[in-house]
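Only one structure is covered here, and it is reproduced in the block below.
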Amino acid sequence: MIKSMTGYGIASIDSEGTKYTVEIKSLNSKFLELSLRLPKTFAEKEFQLRNDCSKQIERGKVNLSINVEKASAKVNAAGIDTTLLKHYYQQLKAVSVDLNEPTNNLLQLALGLPEVVKYEEETASEEEWKVAEKAYQQALAAFQQFRSDEGNVLEQDVKYRIGIILKNLDLVEIEEPKRVPVIKERLNQFLSDAVGREAIDQNRFEQELIYFIDKLDITEEKIRLRTHCNYFIETLKNADANGKKLSFISQEIGREVNTIGSKANDANMQKLVVGMKEELEKIKEQLLNVL
């Protein structure tokens, strides 16, 4: 069973007047590219989330966001460090006097200096994080289910295309024996036109023909191609993520198909090989999105 790298999951939980919403979406990528968007109150949980996502999601370009909406917004009051404010003000005033500059906006300037105005930092309790984490787990479950459903569609498609490659291979085996009489007649006619039929040494001709036909033999390629295709189907059934492994197998399938094409020396076999290559390219495109 394969999974798609494309996924989407969302979950929301209402608790004590606060709504926690977690959204996870991903696209295909060679590695895990994780982008997190968290409220400041949960900033300290980023490392924990990243670790869990790397284990659960594995690969893909992933965007994860947690949104917290409170029914009644609470405004945190700002505090002023009066000692520091006076210190800044006196320094600004002294500099203004020395430079003979106006002193009417010194208080405003002092208020904007570092550490003068302090805001109470928002913090989240462990209970609030447990609610958000529960929403995350629900979103992750929906996300994984989406990936599995997409993976099932991909699996059926690539199995269908592997089936077409195997059918074409069966047809190649039917066409292959037909080549020998055609090649023999073609070479015989070429020699007759070149040196005359009477001058042809039939024993030597048969030896050279056998040598030539042996060079076009595709028995090993057929066996390997069928083996690779069967191994591809078996790998689809594995529980572990296997997109990269399937890509490697598809490369081996392509290598055997190309060799058969180069040895075909027959128009009908070439057409079948072209059909195999076409299906293999579609398989490779699908595998780009397999986890």
Subject >> Residues within the range 158-178 that are more than 15 Å from Val274 (Cα to Cα) and either crowded, with 18+ Cβ neighbours inside 10 Å or not assigned by the TED database to the domain that holds Arg224 (or both), tallied >> reply: 2
Subject >> Residues of the range 7-22 that turn out to be in contact with a helix residue (DSSP H, G or I) (Cβ under 7 Å, 6 or more places away or on another chain) and open to solvent by 50 Å² or more (accessible area, probe 1.4 Å), as a count >> reply: 3
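Just name the residue that is most open to solvent (accessible area, probe 1.4 Å) out of those in the range 23-32 that are at pLDDT below 95 and in a strand (DSSP E or B). Break it down stepwise before answering.
The first filter runs over the range 23-32 and keeps only residues at pLDDT below 95, leaving 27-32.
Within this subset, residues satisfying the condition of being in a strand (DSSP E or B) are 27, 32.
Numbers: Leu27: 103, Leu32: 54 Å².
Looking at the filtered set, the residue picked out is Leu27.
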Subject >> Residues of the range 225-266 classified as assigned to a loop (DSSP other than H, G, I, E, B) and closer than 15 Å to Ile162 by Cβ, total >> reply: 2
Subject >> Selection from the range 1-35 of residues that are without any contact (Cβ under 8 Å) to a residue 60 or more places away in the chain and either over 22 Å from Lys134 (Cβ atoms) or not basic (Lys, Arg) (or both) >> reply: Asp14, Glu16, Gly17, Leu27, Ser29, Lys30, Phe31, Leu32, Glu33, Leu34, Ser35
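Check Ala94, Ala141, Ala132 and return the single one that is under 25 Å from the mean Cα position of the chain (by Cα) and not basic (Lys, Arg).
Details: Ala94 fails: under 25 Å from the mean Cα position of the chain (by Cα); Ala132 fails: under 25 Å from the mean Cα position of the chain (by Cα).
Within the list Ala94, Ala141, Ala132, the selection yields Ala141.
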Original post:
So which pairs qualify, if the first residue must be in the range 42-68 and of a type in the set (Asp, Glu), the second must be assigned to a strand (DSSP E or B), the Cβ gap must be under 9 Å, and the two must be at least 6 apart or on different chains?
Top reply: Glu46/Leu36; Glu58/Leu32
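Have a look at Lys222, Lys271, Lys237, Lys263 and point out the one that is closer than 18 Å to Lys159 by Cα and either at pLDDT 80 or above or among the aliphatic types (A, V, I, L, M) (or both). I'd like the intermediate steps shown before the answer.
Values: Lys222 fails: closer than 18 Å to Lys159 by Cα; Lys271 fails: closer than 18 Å to Lys159 by Cα; Lys263 fails: closer than 18 Å to Lys159 by Cα.
After ruling out the rest, the residue left standing is Lys237.
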Original post:
Regarding Val158, is this residue assigned to a helix (DSSP H, G or I) and over 30 Å from Pro39 (Cβ atoms)?
Top reply: yes
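Residue by residue, here is whether (1) modelled with pLDDT of 90 or more; (2) more than 19 Å from the chain's Cα centre (by Cα); (3) open to solvent by less than 80 Å² (accessible area, probe 1.4 Å) holds:
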{"site": "Leu38", "(1), (2), (3)": "yes, yes, yes"}
{"site": "Ala43", "(1), (2), (3)": "no, yes, yes"}
{"site": "Leu49", "(1), (2), (3)": "yes, yes, yes"}
{"site": "Asn67", "(1), (2), (3)": "yes, yes, yes"}
{"site": "Ile80", "(1), (2), (3)": "no, yes, no"}
**OP:** Considering only the range 267-280, state which residues are of a type in the set (A, V, I, L, M), closer than 16 Å to Ile164 by Cβ and without any contact (Cβ under 8 Å) to a residue 60 or more places away in the chain.
**Re:** Val274
Original post:
Is it the case that the range 227-246 has a residue that's of a type in the set (Asp, Glu) and within 18 Å of Glu173 (Cα to Cα)?
Top reply: no
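Can you tell me how many residues within the range 275-291 are among the aliphatic types (A, V, I, L, M) and outside any helix (DSSP H, G or I)? Talk me through it step by step, then tell me what you get.
So the first thing to find is which residues in the range 275-291 are among the aliphatic types (A, V, I, L, M), and the list is 276, 280, 283, 287-288, 290-291.
Filter once more, so that each one left must be outside any helix (DSSP H, G or I): 288, 290-291.
Going through the range 275-291 one residue at a time, the tally reaches 3.
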**OP:** Please list, ordered by first then second residue, the pairs with beta carbon atoms under 9 Å, 6 or more apart or interchain, first in the range 125-146 and over 14 Å from Gln48 (Cα atoms) and of a type outside the set (Val, Ile, Thr), second in a helix (DSSP H, G or I) and open to solvent by 30 Å² or more (accessible area, probe 1.4 Å).
**Re:** Glu128/Thr41; Leu140/Asp52; Leu140/Gln56; Phe143/Gln56; Gln144/Gln56
**OP:** For Ala135, indicate whether it is under 17 Å from Leu38 (Cβ atoms) and either in the same structural domain as Leu280 (by the TED database) or modelled with pLDDT of 80 or more (or both).
**Re:** yes
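The values are calculated or read from the model by the stated rules, or taken from the named source; none is laboratory data. Quick caveat, the model's predicted, so the values are computed rather than measured. A quick note on method: Cβ atoms are made from the backbone with ideal geometry, for glycine too, and the neighbour counts reach across all protein chains shown. We work out accessible area using only protein heavy atoms, side chains counted, and drop any ligands, DNA or RNA first. Shrake-Rupley method; radii C 1.70, N 1.55, O 1.52, S 1.80 Å.
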